[in-house]
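The values are calculated or read from the model by the stated rules, or taken from the named source; none is laboratory data. The model shown is predicted, which means the values in this text are computed figures rather than measured ones. With ideal geometry, Cβ positions are generated from the backbone for all residues, glycine too; neighbour counts draw on all protein chains shown. In case anyone asks, the SASA skips ligands and DNA or RNA and just uses the protein heavy atoms, side chains included. Shrake-Rupley method; radii C 1.70, N 1.55, O 1.52, S 1.80 Å.
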Amino acid sequence: MKLDARAMTWTRKPSNYLITSDKVEITTEPHTDLWQRTYYHFRNDNAPLLQISSDELYFSFVVKTEFDTKHRFDQCGVIMYLDSENWLKGSIEFENEKFQHLGSVVTNNGYSDWATTEIDAKIKSIWYRFSRRENDFCIECSNDGKTFSQMRICHMWNVGKTIQFGIYACSPENSSFKATFTNMEITECKWPSHNGQAPDENS
């Protein structure tokens, strides 16, 4: 099902944006970010988010992102934001002219972690697929929107039946860029159930 972006709801609406049925453009504002406590000790919770709610327990959400990032930590991607202390995101964060970080952040009970891999700084477009299986979640990425690779599997401890998920963009330092989101779609769950080894007898 194609997702009409006009049905989505802002959490912290940015000053400069454009929404049509099939495209969202966000121009980020300086010093906007999402992070909770771990390592850096600070708490940042002011990035703009555009989300939709669902009580479906099994589904996937797909989106294509395009971005003209050029300053350290500029980022945009997919997000599930439940509240300030419970959320997860997948994105590319610009680092320098040589490389940037493709990664994910999982925040449970007010503490964030960050898992990354370095990719070429010339990459300015990527697809994400966010999938739910009850209270477990998967984020994948793709260069072409057809073949997806796993980035992260995680469990969220404080999730109810209804969740909010969608897109975000931010510039943690003194910078700004335009992020464009297209091809948003909600489908049946593309993250298959595990059919490998049996669980431990005591699990």
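Some observations on this one:
- Scanning region 7-21 for residues that are under 17 Å from Thr182 (Cβ atoms) and modelled with pLDDT of 95 or more returns Ala7, Met8, Tyr17, Leu18, Ile19, Thr20.
- Summed over region 89-105, residues that are in contact with a Ser or Thr (Cβ under 7 Å, 6 or more places away or on another chain) and either within 12 Å of Cys154 (Cβ to Cβ) or among the hydrophobic types (A, V, I, L, M, F, W, C) (or both) total 5.
- Considering region 53-66, and only residues there that are of a type in the set (Ser, Thr, Tyr) and open to solvent by less than 50 Å² (accessible area, probe 1.4 Å), the residue that is farthest from Glu93 (Cα to Cα) turns out to be Ser54.
- From the list Asp83, Asp74, the one residue that fits, being buried (at least 16 other Cβ atoms within 10 Å of the Cβ) and acidic (Asp, Glu), is Asp74.
- Among the residues making up region 134-144, those that are over 23 Å from Ser54 (Cα atoms) and either at pLDDT below 95 or outside any strand (DSSP E or B) (or both) are Asn143, Asp144.
- Selection of region 18-29 for residues being part of a strand (DSSP E or B) and either without any contact (Cβ under 8 Å) to a residue 12 or more places away in the chain or closer than 30 Å to Trp191 by Cα (or both) yields Leu18, Ile19, Lys23, Val24, Glu25, Ile26.
- Across region 22-52, the qualifying residues are those that are within 15 Å of Ile167 (Cβ to Cβ) and among the hydroxyl-bearing types (Ser, Thr, Tyr), and the one among them that is most open to solvent (accessible area, probe 1.4 Å) is Thr27.
- Subset of region 105-133 [aliphatic (A, V, I, L, M), assigned to a loop (DSSP other than H, G, I, E, B) and in contact with a Lys or Arg (Cβ under 9 Å, 6 or more places away or on another chain)]: Ala121
- Annotation for region 4-16: no member residue is open to solvent by less than 40 Å² (accessible area, probe 1.4 Å), closer than 17 Å to Val78 by Cβ and touching a helix residue (DSSP H, G or I) at 6+ places or on another chain (Cβ under 7 Å).
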